[in-house]
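These notes are about the structure you will find just below.
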Amino acid sequence: MAKITFKGSWINISSLNKEDKKNYLMSVGMFFLGAVFWGLHLNTVDGIFGPPVFENTDTSVSFAVIRAMIIICWIIAVIYSKRFLKTQDELMHRYYLTTMAAGGAGFISVGMLFSIIDPYIDLTIGFYGYFLAFAIGTVVGGYLFDKKYLSDGE
């Protein structure tokens, strides 16, 4: 079974058996590879970093391939993640549910905050800003999970 470390923010990979390690590393690796392609795609859309770097990429074959690779990599990541989770105990399932729920709460709470203050400031937060809020929420959820279930009251 996986050991959760770094105050709920990571899984100790050396605690996994060979098959779980393969599934986990494939999942994380494919997610990060898809994120690289997503970063390339972000150069073609408005976002929190400003206007697009590349214009008129709608019919570009190379950007179509990049966008397809995002989907392919993330589908493979989900498949391997599901294989990994099938062999894990109840604590790991609870960890995943807690971090994802906290990420969703971050997405919604920051989304509400920005939708309320958006008319008063000249800053429009799009999907990628909300995704950052989701990521921050998952980190907070991991920390709270560690504090509640894993820490020895330190």
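The values are calculated or read from the model by the stated rules, or taken from the named source; none is laboratory data. This is a predicted model, so every value here is computed, not measured. Methodologically, a virtual Cβ is constructed for each residue, glycine included, from the backbone with ideal geometry; neighbour enumeration extends over all protein chains shown. What goes into the accessible areas is simple: the full protein's heavy atoms, side chains included, and nothing from ligands, DNA or RNA. Shrake-Rupley method; radii C 1.70, N 1.55, O 1.52, S 1.80 Å.
Points to keep in mind about this one:
- Violating pairs (Cα-Cα greater than 21 angstrom) within the set LYS18/LYS147; LYS22/LYS147; LYS21/LYS148; LYS18/LYS82; LYS7/LYS86; LYS86/LYS147: LYS18/LYS147; LYS22/LYS147; LYS21/LYS148; LYS7/LYS86; LYS86/LYS147
- Accessible area (Å², per residue) of the chain, counting only protein heavy atoms and a probe of 1.4 Å: 66
- A Förster radius of 25 Å combined with the Cβ-Cβ distance from VAL45 to ILE136 puts the calculated FRET efficiency at roughly 0.70.
- Long-range tail of P(r) for region 1-119 (Cα pairs > 21 Å, %): 56
- Ranked from largest to smallest solvent-accessible area, with a 1.4 Å probe on the protein heavy atoms, LYS3, LYS22 come out as LYS3, LYS22.
- By accessible area with a 1.4 Å probe, ligands and nucleic acids excluded, highest first: order of ARG94, ARG67: ARG94, ARG67
- Helices in the chain that qualify as membrane-span-like (whole DSSP H runs, Cα extent of at least 30 Å along the helix axis, mean Kyte-Doolittle hydropathy of -1.0 or higher) are 18-42, 61-86, 90-117.
- Each peptide in 126-135, 113-122 receives the mean, over its residues, of other Cβ atoms within 10 Å, and ordering these scores from highest gives 126-135, 113-122.
- Amide H contacts for LYS3 (H built 1.01 Å from N in the peptide plane; partners 5 or more residues away or on another chain; cut-off under 5 Å): ASN12, SER15.
- Heavy-atom accessible surface of region 23-108: percent carbon and sulfur, 1.4 Å: 72
- Whole-percent P(r), region 103-154, all Cα pairs, 5 Å bins from 0: 5, 21, 21, 17, 12, 9, 7, 5, 2, 0.
- Taking the helices alone, the chain has a mean residue ellipticity at 222 nm of -22500 deg cm²/dmol, built from -39,500 (n - 2.57) per DSSP H run of at least 4 residues and averaged over all its residues.
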